[in-house]
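Quick note: the coordinates plus some simple rules give every number you see, no bench work behind them. The model shown is predicted, which means the values in this text are computed figures rather than measured ones. For neighbour counting, all protein chains shown are included, and Cβ atoms are generated from backbone atoms with ideal geometry for every residue, glycine included.
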Amino acid sequence: MKELLIIGGGPAGIAAGVYAARKKINAAIVTDVFGGQSVVSADVRNFIGFTSISGLELAENMERQLRAQDEIEIIDGDRVISVEEKEIAFFAKTENGKIIEAKTLLITTGSKRRKLGVPGEEKYDGKGVAYCSTCDAPLFKDKRAAVVGGGNSGLESAVDLLPYASEIFIFESSDKIKGDAITLERLSKENKVSFLTRSEILEIRGNGFVSGIKYKDLKTGEEKEKELEGVFVEIGWIPNSDIVKNIVETNKYGEIIVDHKTQRSSHSRVWAAGDVADVLYKQNNISMGDAVKAVLNINEYLNSRKR
């Protein structure tokens, strides 16, 4: 039986694996791929320690560091599809049929961006379609960009784009912008920002890279087009928490509720870190720190059980 099973191989999971190995916890990590959402980013400029690095290179560096640890079992190319609790142990079943028994769990499965589901979105993902303005806003210097979503995430993305984009179009399907009034007021004073309420994106177009969008004016029913080079999708997140929803408490968004001092969930032997938890800010640097915090607390818990 493992002392700890880490589920997920993004930045949080990798950081947890490194620290678990250093603490000589008998641990395993299961992931289908390493690196998380940033793998698709061409240029990451907010990861501490690197002025600029591609998402793929960053993921490779992190994976290399994890594999340099001798004290952790790495199960990659697979993913956990269910978790059951029996007495003092958890039994995690993987897609490939492997069963892993562990005393404690650290869930670092992250979340996935809620997508528009329109033609061209998948095709131009990473080629003008973006889901992280903090990561990718600098790539749109002197370019025209759309932000889809008028909530707080959408408005904050527009703020991130202000120093870079030549024009910013904020699309919202409802009849009003829902984000914070202070942020809305700031953006409303910017000549380069336009608000298009009651507008629905129908298609993202391009030729190798994004070149424009087709949208519907819901007020008139008219279909229109707009030329631009970037589309930031900010219509919410979907936490990857389904495998433990029968074990831990989640909030209305599906995020695992944790004690932010320790990252422990409502279950005394389950911790969560990264975007799958109810963290306020969805950032790699924060996810990794929270995962380290969780492992240190798990180590204390395991040591206390040995006394």
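Odds and ends about this structure:
- Listed from fewest to most Cβ neighbours within 10 Å, the set THR109, THR94 follows the order THR94, THR109.
- Note on region 65-222: Cα convex hull, mean projected area over all directions, 14.4 nm².
- For region 210-307, the set of chymotrypsin sites (Phe, Trp or Tyr not before Pro) satisfying both a DSSP loop assignment and a count of at most 16 other C-beta atoms within 10 Å is given as TYR253, TYR281.
- Of the trypsin sites (Lys or Arg not before Pro) in region 206-279, those whose Cβ has at most 14 other Cβ within 10 Å and which sit in DSSP loop: LYS219, LYS245, LYS252, LYS261
- Per-residue Cβ neighbour rank within 10 angstrom, fewest leading, SER166, SER265, SER173: SER166, SER173, SER265
- Going from the fewest other Cβ atoms within 10 Å to the most, the residues PHE209, PHE140 appear in the order PHE209, PHE140.
- Between ASN207 and GLU122, the C-beta separation translates, for a Förster distance of 22 Å, into a calculated FRET efficiency of about 0.85.
- Residue-span extension gain [GLU71 to ILE99] - 0.36 nm each, minus C-alpha spacing: 8.1 nm
- Separation of region 265-307 and region 124-185, taken as the distance between their Cα centroids, equals 31 angstrom.
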